[in-house]
There are 2 protein chains.
Amino acid sequence: MQETNRTEISTLGEFGLIKHLTENIHPKNHTTIRGVGDDCAVLQYPGEKQILVTNDLLMEGIHFDLTYVPLKHLGYKAAMVNLSDIYAMNGMPKQMVVSLALGKRFCVEDMEEFYAGLQIACDAHGVDIVGGDTTPSLTGLAISITCIGEAEKGHVVYRNGAKETDLICVSGDLGAAYMGLQLLEREKTVFNQQLRENQRNGQHASREEELRQAQPDFSGKEYLLERQLKPEARRDIIEALDASQIRPTAMIDVSDGLSSELMHICSQSGVGCRIYEERIPLDYQTAVMAEELNMNVTTCALNGGEDYELLFTVPIGDHEKISQMKGISLIGHITKPELGCALITRDGNEFELKAQGWNPLKD
Amino acid sequence: MQETNRTEISTLGEFGLIKHLTENIHPKNHTTIRGVGDDCAVLQYPGEKQILVTNDLLMEGIHFDLTYVPLKHLGYKAAMVNLSDIYAMNGMPKQMVVSLALGKRFCVEDMEEFYAGLQIACDAHGVDIVGGDTTPSLTGLAISITCIGEAEKGHVVYRNGAKETDLICVSGDLGAAYMGLQLLEREKTVFNQQLRENQRNGQHASREEELRQAQPDFSGKEYLLERQLKPEARRDIIEALDASQIRPTAMIDVSDGLSSELMHICSQSGVGCRIYEERIPLDYQTAVMAEELNMNVTTCALNGGEDYELLFTVPIGDHEKISQMKGISLIGHITKPELGCALITRDGNEFELKAQGWNPLKD
């Protein structure tokens, strides 16, 4: 949160705040008829287009920790999480409605930061912000984003279309966002310990001094931080698949971990799968960090969340085309349902996949 | 919250809970291609239709108080708030996406109650629930609802179309929901006082006994409670306007108080207005309750929120048609902007309208 140039939200009021945050937003898509400023946004899509709608509700303390996530990054990431859902249906995002519930500790400048991040993400993906609302919160920050997108009729890819012998593909690499989170959590613990120690020793450093002392050394781990703080929804993969004339049979984005997402595809498609440990794409920094934390890197890739990569299946006939695409890994294949969902380890053992993904409701 | 038959949400987990809550939901609208269960809902509207999108984020302790609002009523009301926004654009609601953030004190039965209320509202208005999501919350309950509706191209009514000499109309009556809230707040205070007194006197009644003792007498005030706990979005008014071939020039729903909504119409339309105190529609119970609480009933009608009536303007040529419509009050007319927004009191004085509506961010 900003500590200088603090303008209380009460000076603008609810309507004033929204007007202030959205006054420079001008819709660019021809499907956007009317944006912010009325009871509803008004859109108009050609009759042959199918419309995709997704909503995510992000809660402070559950989905983000403002002690180490800057509000601009949070705005960017909140947008990306929703854009990723549209791409996961093989669609293109076009509009976004943003509702925020704010505790009293937030000021106008905080919300400007949040909107700045949101706007960068929307501009990069050609999305109009068409509705905005703010409301108070007794406690933390709550962010609700609804994203609307389009797809040609018949082009939408569901989770339930995977068929036996289909190839299982995933974009990018996995587990890095989770490792980034571990890194940030570790530094937070160190920072808090240091703070307590200073207090015990009667040292009262200024807040600035404390923050300066605590500057952690993230060198060599920049990629992990970037994956956690600034994830990128994979529009490029959707465009590349289209250019290669590959239509996935099933697709989902990896938000809760590879294992959990793969099991969604398999259970909804009524199939089983085999994936190979050695084929799971990992970044070098992810492997180093897992080693440092004494964690199994495969477990991190299988169950760590927030990668926002695309997991999809393609017919075996597309093998050559998909192999030539950059940034796609072939990690296994779809089987009969009786065979279940299994991971084949490097030493040839077979383990049943479990959805141990990020599921805080199961605590 | 339920105290008997308590099933912990952890026994189902996030995905299990949503599956459980939505398994009996079967989309009925032909514009709903795919509902709950994928990354996005998929819709398809004919090209001549315009699509309306609205989102509301409701926070516990700000928008509702679970000490006196049953979860079934809350589900119903949360739906109505959003349906009302679609009607306020002269549209018909068709789909709804529901996201919930839940604190640990909620159980599966609580969410069944919430969904039961939601479903009753959606069934009554022909709306499909096409997306559902639950997530944990560190504190209270947060409810995010996105509603999607349709309108014929050119039929959408905005806030900015009011013109000089237009008549100002409002449906139903005003201030009752606010009086209902006062009534519930008063009973809550009485209940808490009684509880403290019992404790001071060393009387430890069981929870059931306490609740029974505290049963307040709401007789003669049922309408106020109904307006607060079970508001109705005015689909009937939209249908009646259509049947009478009246197209409002501007429209908004009254969620923050008549005064605030009227000023939105006037500022966005670049006009002024005159409304007449004696014409503001009031229910008998509202007047009695205001008297009891020593409040000015006109102030309650002007600034009390949550009526969910429709406020709209029509050309003066529609005077006869609109006068014949049941449940519509003609409360004033639109003027030149220079004349500002004014209330003409019963004794002929003129007061400038102020948006003192329900704006908790201004506290």
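The values are calculated or read from the model by the stated rules, or taken from the named source; none is laboratory data. Everything numeric in this text was worked out from a predicted model, so none of it was measured. Cβ coordinates were reconstructed from backbone atoms using ideal geometry, including for glycine residues, and neighbour counts include every protein chain displayed.
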(message) Please go through region A:126-144 and give me each residue that is more than 19 Å from A:Val69 (Cβ to Cβ), facing chain B (nearest Cβ under 7 Å) and of a type in the set (Gly, Ala, Ser), ordered by number.
(response) A:Gly131
(request) Scan B:Cys107, B:Cys122 and give me the residue that is crowded, with 19+ Cβ neighbours inside 10 Å, more than 20 Å from B:His63 (Cα to Cα) and in contact with a Lys or Arg (Cβ under 7 Å, 6 or more places away or on another chain). (result) B:Cys107
(request) Being within 11 Å of another protein chain (Cβ to nearest Cβ), outside any helix (DSSP H, G or I) and not polar (S, T, N, Q) is the filter here, so list the residues in region B:255-279 that pass it. (result) B:Asp256
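Residue-by-condition table, conditions (1) within 10 Å of another protein chain (Cβ to nearest Cβ); (2) more than 25 Å from the chain's Cα centre (by Cα); (3) closer than 21 Å to B:Cys266 by Cβ:
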{"residue": "A:Gly16", "(1), (2), (3)": "yes, yes, yes"}
{"residue": "A:His30", "(1), (2), (3)": "no, yes, no"}
{"residue": "A:Asp39", "(1), (2), (3)": "yes, yes, yes"}
{"residue": "A:Gln50", "(1), (2), (3)": "yes, no, no"}
{"residue": "A:Phe64", "(1), (2), (3)": "no, no, no"}
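Residues are listed down the side, and each one gets a yes or a no for (1) charged (D, E, K, R); (2) surrounded by 15 or more Cβ atoms within 10 Å (Cβ to Cβ); (3) touching a Ser or Thr at 6+ places or on another chain (Cβ under 9 Å); (4) at pLDDT 95 or above:
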position: A:Asn198; (1), (2), (3), (4): no, yes, no, no
position: A:Asn201; (1), (2), (3), (4): no, no, no, no
position: A:His204; (1), (2), (3), (4): no, no, no, no
position: A:Arg227; (1), (2), (3), (4): yes, yes, yes, yes
position: A:Ala243; (1), (2), (3), (4): no, no, no, yes
position: A:Ile246; (1), (2), (3), (4): no, yes, no, yes
(request) Select, from A:Gly103, A:Gly75, the only residue that is of a type outside the set (S, T, N, Q), more than 7 Å from chain B (Cβ to nearest Cβ) and in contact with a helix residue (DSSP H, G or I) (Cβ under 6 Å, 6 or more places away or on another chain). (result) A:Gly75
(request) Report yes if A:Lys221 is assigned by TED's automatic domain parsing to the domain that holds A:Gly327, at pLDDT 85 or above and surrounded by fewer than 16 Cβ atoms within 10 Å (Cβ to Cβ), otherwise no. (result) no
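Can you go through B:Met89, B:Met59, B:Met111 and tell me which one is within 12 Å of chain A (Cβ to nearest Cβ) and in a loop (DSSP other than H, G, I, E, B)?
When all the criteria are applied, what remains is B:Met89.
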(request) Give me a count of the residues in region B:1-54 that are over 30 Å from A:Gly37 (Cβ atoms), in a loop (DSSP other than H, G, I, E, B), in contact (Cβ under 8 Å) with a residue 24 or more places away in the chain and among the acidic types (Asp, Glu). (result) 1
(message) Just to verify a result, which residue in region B:125-155, among those that are assigned to a strand (DSSP E or B) and of a type in the set (Ser, Thr, Tyr), is surrounded by the fewest Cβ atoms within 10 Å (Cβ to Cβ)?
(response) B:Thr135
(message) Here are the criteria: (1) at pLDDT 95 or above; (2) outside any helix (DSSP H, G or I); (3) within 29 Å of B:Phe191 (Cα to Cα). Tell me which single one B:Gln95 does not satisfy.
(response) (3)
(message) Anything in region A:158-181 that is surrounded by fewer than 23 Cβ atoms within 10 Å (Cβ to Cβ), more than 14 Å from chain B (Cβ to nearest Cβ) and out of contact with any Leu (no Cβ under 6 Å at 6 or more places or on another chain)? List them, or say none.
(response) A:Lys163, A:Glu164, A:Thr165, A:Gly172, A:Leu181
